[in-house]
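Participant: Starting off with a structure, shown below.
Each value in this text was obtained by applying a stated rule to the coordinates, not by laboratory testing. Predicted model only: the values in this text are computed from it and were never measured. We place every Cβ from the backbone using ideal geometry, glycine too, and count neighbours over all the protein chains shown.
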Amino acid sequence: MKPIMLRTPPRAAPVAAAVCGLVALMALLAPWIAPHDPFAVDPLNAYAPFSGTHPLGTDDLGRDLLSRLVYGARTSLAGPLVVVIAAGTLGTGLAVSAAWFGGWFDNLVSRALDVLFAFPGLVLAITVAALFGTGFVTPVVALSLAFVPVIARVMRAAAMRERNLPYIEALRVQGFSSLHICLRHLLPNLAPLLMVQAAIGFGYAMIDLASISFLGLGLQPPAADWGLMIANGQPSILAGFPQQSLIAAVAVVITVVAFTAVAERLAVRFGGDVR
Amino acid sequence: MNTPLLEVRDLRKQFKDFVAVDGVSFTVPAGGSLAVVGESGSGKTTCARIVTGLEKATSGTVLLDGAATLDRRRRASFVQMVFQDPYLSLDRRQTVSDCLGEVLAHHDREMDRRSRAARIDELLDLVGLDRKLGESLPRHLSGGQRQRVAIARALAPNPKLLVLDEAVAALDVSIQAQILNLLVDARAATGVAYLFITHDLSVVRHVCEDVVVMCRGKVVESGLVAEVLEAPAAAYTQRLVASVPRPGWVPSRAVSRG
Amino acid sequence: MTAPLLEFDGLRVSLGERPILRDVTLSVHAGEAVGLVGESGSGKSMTVKSVVRLLPGGSTVDGSVRFGGIDVGSLGPADLRRFRSRDVAMVFQDPRATVNPVRTIGDFLTEVLRDQGVGRAEATRRAAGSLAEVGVDDVRRRLSQRPYELSGGLLQRVVIAAALLTEPKLILADEPTTALDVTTQEEVVAILNEQRRQRSAALLFITHDLELAAAVCDRIAVMYAGEIVEILPADRLHDDARHPYTKALLGSRPGTVPPGERLRTVPGTPQSALTAPAGCVFADRCPVVESACRDLHPPMLSVGSGFAACHLLSEEVR
Ligand SMILES: Nc1ncnc2c1ncn2[C@@H]1O[C@H](COP(=O)(O)OP(=O)(O)O)[C@@H](O)[C@H]1O
Ligand SMILES: Nc1ncnc2c1ncn2[C@@H]1O[C@H](COP(=O)(O)OP(=O)(O)O)[C@@H](O)[C@H]1O
Ligand SMILES: [Mg+2]
Ligand SMILES: [Mg+2]
């Protein structure tokens, strides 16, 4: 996962952060801000154009697109969030213990990560979903696993550098336990880097999960999910009504770009600190 | 004679097939001050790391107060270390008081908040740091101030022995003088012994009584500072003494050719 | 006396609003070695960089640096390149940062000569000769080795050999031995000294070690917070130093007092041009400061065998 190089101008960062915040707020407050029930089918009103009652129109079943978009933010954000939290925790845990204990344990962990890394994350997730069934949980678990080596590699290198710094050695000379040093000193100092990794990973996870939904291996209709909306909107495009796919796609792109821009900003900000 | 604080006997350390320390022996008496000098790569730091438990010797013995093994905490309250680089030897996220407080709490669980705060102030006074700096993060301190914090942290558990690995080498001359004065004072005040690793002979003359000269992992000469540095016997020590810039010194390139 | 080879005339450098050099006036004559001594952040490296105009982007320069009577600030790109490659040579603290790690020592040494149109065989011959002169043995093998195969001391000699190859009139050496062991330092400065004397090249030698500067140089300039506060003949350093900062530096080395006694220290930490007071730069830390020192910038006065910028000396001069 190499960072998407966007060359975000510094002034765009607050805007990006605001977009991230808005999307998150939208997901949290969905029941209160959505104008309609996102699942309410109204066949007589299918493919309604933009209007006062349906600001973004309706889909092929006459469901309100704005409401579906707002509700869709929930699964579309929750998925990547779970992925980065799970992969971040597991990856950092492995990375720090490998760096700390070194020797054969480090070798073992590094080899295992290399093997896992060799599988493209998306392919892994698709395979697992195809084998173990669709839904929200399976692709998220699979993708979390796929992201572990990505995060662990970066974190291991940083933890290696950090553990050889004299301040860590000074703590060892003070007789502190490994656990104390790792939890109270090593991890907090690695946290900024982990934040950056998580923010970058969030964007990737979002695209990957949307792709999985799009392929029909993730959430199933009638769930409101951006990836699924893009997929379900396909037949309508041919019918001359591209809104559904378009709106969902734009939501994905804006969110991914915003998160990546924030990540890049964080990376620049902490760049000097993560030595 | 009573048991020395530190006795290192026939120490050997091998990294893969490279012998970094080769049969090194020395002792530090209680309250004494032993210098280890030698060029870079001669194995000084490796010895220091073995003494403080950061590294395991390939063979040989290290006796702290006559004992070969101490548990982690006992060892820590017996021997402490100050590192060369004041910029990297403090946790960048921790204020000075937190740094000292953490160490104090670790070594004395019974200690209450009030007496801990008092002890922090006492340590800050000891190393000549303004008490107001207790709330500062390392990045707001100068190199000399950071080294004072590192010394305070090392002295916090009241160790009997302090290992200083090039602890003044990275400092400017005027700051180095301040820290050397501090070290002389701290030793007088607490009775702590020093294992002083350095390549600077004038520093050795100033703070140490005994000296061990190392070259390529081996001890080539040892004895009283006054004797060894005034009348060096080993060829390497002679070269080392002769190459220190001083009034009237003329650098010569003949040394290595001979 | 002939005109100096290198002349800093009221040089001031700032980076944006931030002053870096406040007033540097110093001359180096042909064949002369001048030591520039001071603690870190005092502006020694910046002074040297301003000679070859390698200052960080956004710096503004006031005053002038003249080489052979010509203001280096007025040189066009082609002349500047010529000046950098033929008239001056630089030796830095870390030889590993100077030498391209993946190319051979031979390539490194011959690069500049080849650039000047010297043939390959001739360039190699001269490179080998130069290496031999700086005391590198087994020259043939060395030429085909790469930097990581050489120790720091040996590599620094290679850098010096390269510096001498183009027969420069001026060598700028910025802490060339700080990263080396004392025994190696002795050899390296001995070689630098011997070679530059043979070729009668001038030397601007930067170090934080007063004794080392005194041994290598003819004159010593002491720098503090972006200013030169004292200039004196190297052999008069211990007897004739007048500026309180120079005296403080001399007094703070262990060895100046009997072992175990307290060293004479100056309070506070070294300042940069940004943090130093407006009057005398040393006023905040000076043990003999007077009220005039904080407001009035002291002029450089001729005292004893040298020059010093200190108000307290004005009595003595009159
Ligand atoms: N962890 C290590 N692995 C391999 N070699 C090492 C290691 N630590 C030190 N060495 C080598 O051991 C030798 C002695 O190093 P050191 O004790 O640091 O010397 P000094 O402190 O005297 O400069 C050096 O040649 C160094 O490269
Ligand atoms: N690239 C740079 N950008 C900003 N400030 C700099 C830069 N290089 C040096 N300085 C500042 O200029 C002053 C003088 O630096 P320098 O000439 O390197 O000092 P010295 O070589 O005497 O240690 C210092 O205060 C330093 O912080
Ligand atoms: Mg060392
Ligand atoms: Mg410098």
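Participant: One quarter of the convex hull surface, Cα atoms only: what value does that give for region B:6-257 in nm²?
Facilitator: Projected area, direction-averaged: 14.9 nm².
Participant: Okay, moving on. Cβ neighbours within 10 Å, averaged per peptide: list C:245-253, A:246-254, C:257-265, A:178-186 in order, most packed at the top.
Facilitator: Listed from highest to lowest mean packing, they are C:245-253, A:246-254, A:178-186, C:257-265.
Participant: How do A:Phe117, B:Phe26, A:Phe259, A:Phe132 line up, fewest other C-beta atoms within 10 Å first?
Facilitator: Ordered by Cβ neighbours within 10 Å, fewest first: A:Phe132, A:Phe117, B:Phe26, A:Phe259.
Participant: Report, by chain and number, residues whose modeled amide H sits under 5 Å from the one on C:Ile20, excluding near sequence neighbours (fewer than 5 apart, same chain).
Facilitator: For C:Ile20, whose amide H was placed from the backbone, the distant partners under 5 Å are C:Val13, C:Ser14, C:Leu15.
Participant: Compute a Gaussian network model of chain A, connecting alpha carbons closer than 10 Å, and tell me which residue from A:Asp60, A:Asp106, A:Asp42 fluctuates the most.
Facilitator: Result for chain A, Cα springs under 10 Å: A:Asp42 fluctuates most.
Participant: Contact order normalised by length for region C:72-208, with contacts defined as Cα pairs under 8 Å and 6 or more residues apart; what percent is it?
Facilitator: This gives 32 percent for region C:72-208.
Participant: Go ahead and collect, in residue order, the members of region A:111-141 whose backbone nitrogen is under 12 Å from a label point 7 Å along the Cα-Cβ direction of A:Gln234.
Facilitator: none
Participant: Just for the Cα atoms in region A:12-270, what are the lengths along the principal axes, largest first, rounded to whole Å?
Facilitator: Principal-axis extents of the Cα atoms in region A:12-270, largest first: 75, 41, 25 Å.
Participant: Near C:Glu7, within a Cβ-to-Cβ distance under 13 Å, what is the net charge of the other residues, with Lys and Arg +1 and Asp and Glu -1?
Facilitator: It works out to a net charge of -2.
Participant: So which trypsin sites (Lys or Arg not before Pro) in region C:195-235 are both in a DSSP loop and have at most 15 other Cβ atoms within 10 Å of their Cβ?
Facilitator: C:Arg199
Participant: Less than 11 Å Cβ to Cβ from B:Leu34, Lys/Arg counted +1 and Asp/Glu -1: what total charge do the surrounding residues give?
Facilitator: -2
Participant: Shielding of B:165-176 by partners, i.e. mean partner chain Cβ atoms within 10 Å per residue?
Facilitator: Across B:165-176, the average partner-chain Cβ count within 10 Å equals 5.
Participant: Positive end of the charge dipole of chain B (Lys, Arg +1 and Asp, Glu -1 on Cβ, about the Cα centre): tell me which of B:Ser33, B:Gly143, B:Tyr194 has its Cα farthest that way.
Facilitator: B:Gly143
Participant: Using Cα centres only, tell me the gap between region A:31-97 and region C:91-143 in whole Å.
Facilitator: Going from one Cα centre to the other spans 67 Å.
Participant: Charges only on Cβ, +1 for Lys and Arg, -1 for Asp and Glu: so what's the dipole of region B:37-147 about the Cα centre, in debye to the nearest 20?
Facilitator: 240 debye
Participant: Another question about this same structure. Just tell me, in residue order, which DSSP H segments of chain A are both 18 angstrom or longer along the helix axis (alpha-carbon based) and at least -1.0 in mean Kyte-Doolittle hydropathy.
Facilitator: A:12-28, A:65-101, A:103-118, A:137-163, A:187-214, A:243-271
Participant: Place +1 on the Cβ of every Lys and Arg and -1 on the Cβ of every Asp and Glu in the protein assembly as shown, take the dipole about the Cα centre, and give the residue among C:Gln195, B:Phe83, C:Ala128 whose Cα lies farthest towards its positive end.
Facilitator: Going by the charge dipole, the pick is C:Ala128.
Participant: For region B:88-180, which GluC sites (Glu not before Pro) pass both filters: DSSP loop (anything but H, G, I, E, B) and at most 16 other C-beta atoms within 10 Å?
Facilitator: Those that pass, being in a loop and sparsely packed, are B:Glu110.
Participant: Restricting to Cα pairs below 8 Å that are 6+ residues apart, what does the relative contact order work out to for chain B? Please round to a whole percent.
Facilitator: Contact order relative to length: 26 percent.
Participant: Note down the magnitude of the dipole of the protein assembly as shown about its Cα centre, charges +1 on Lys and Arg C-beta and -1 on Asp and Glu C-beta and zero elsewhere, to the nearest 20 debye.
Facilitator: Using only the charged Cβ atoms, the result is roughly 1160 debye.
Participant: Let me ask something else. For region B:117-163, give the magnitude of the charge dipole about the Cα centre (Cβ charges: +1 Lys/Arg, -1 Asp/Glu; no others), in debye to the nearest 20.
Facilitator: 180 debye
Participant: What's the ranking of A:87-96, B:64-73 by average number of surrounding C-beta atoms within 10 Å, highest first?
Facilitator: Ranking, from highest mean packing down: A:87-96, B:64-73.
Participant: In chain A, with Lys and Arg counted as +1 and Asp and Glu as -1 at Cβ, which of these residues, A:Leu187, A:Gln220, A:Ile200, has the Cα nearest the positive end of the dipole, that is, farthest along it?
Facilitator: Of the listed residues, the answer is A:Leu187.
Participant: When the scattering of the protein assembly as shown is computed by the Debye formula from its Cα atoms alone, each counted once and equally, what is log10 I(q)/I(0) at q = 0.09, 0.10 Å⁻¹?
Facilitator: With no solvent term, the Cα-only Debye profile gives -1.05, -1.18.
Participant: Can you give the net charge of the other residues whose Cβ lies under 9 Å from the Cβ of C:Arg66, counting K and R as +1 and D and E as -1?
Facilitator: After counting each charged neighbour, the total is -3.
Participant: Still on this model: Describe numerically, in nm with one decimal, the distance between label points set 7 Å from Cα along Cα→Cβ at A:Arg161 and at C:Val102.
Facilitator: 2.1 nm
Participant: Test of understanding: in a Gaussian network model of chain A with alpha carbons linked when under 10 Å, which of A:Leu56, A:Leu44, A:Leu228 would top the mean-square fluctuation ranking?
Facilitator: In this elastic network of chain A, the residue with the biggest mean-square fluctuation among A:Leu56, A:Leu44, A:Leu228 is A:Leu44.
Participant: Calculate the FRET efficiency for B:His140 and A:Trp32 from the Cβ-Cβ distance with a Förster distance of 51 Å, rounded to the nearest 0.05.
Facilitator: After rounding, the FRET efficiency stands at 0.65.
Participant: Still on this structure, I have one more. Here is the link list: B:Lys44/B:Lys160; B:Lys44/C:Lys49; C:Lys44/C:Lys247; B:Lys16/B:Lys218; B:Lys13/B:Lys160; B:Lys132/C:Lys44. Which ones come out longer than 27 Å on Cα distance?
Facilitator: The answer is B:Lys44/C:Lys49; B:Lys132/C:Lys44.
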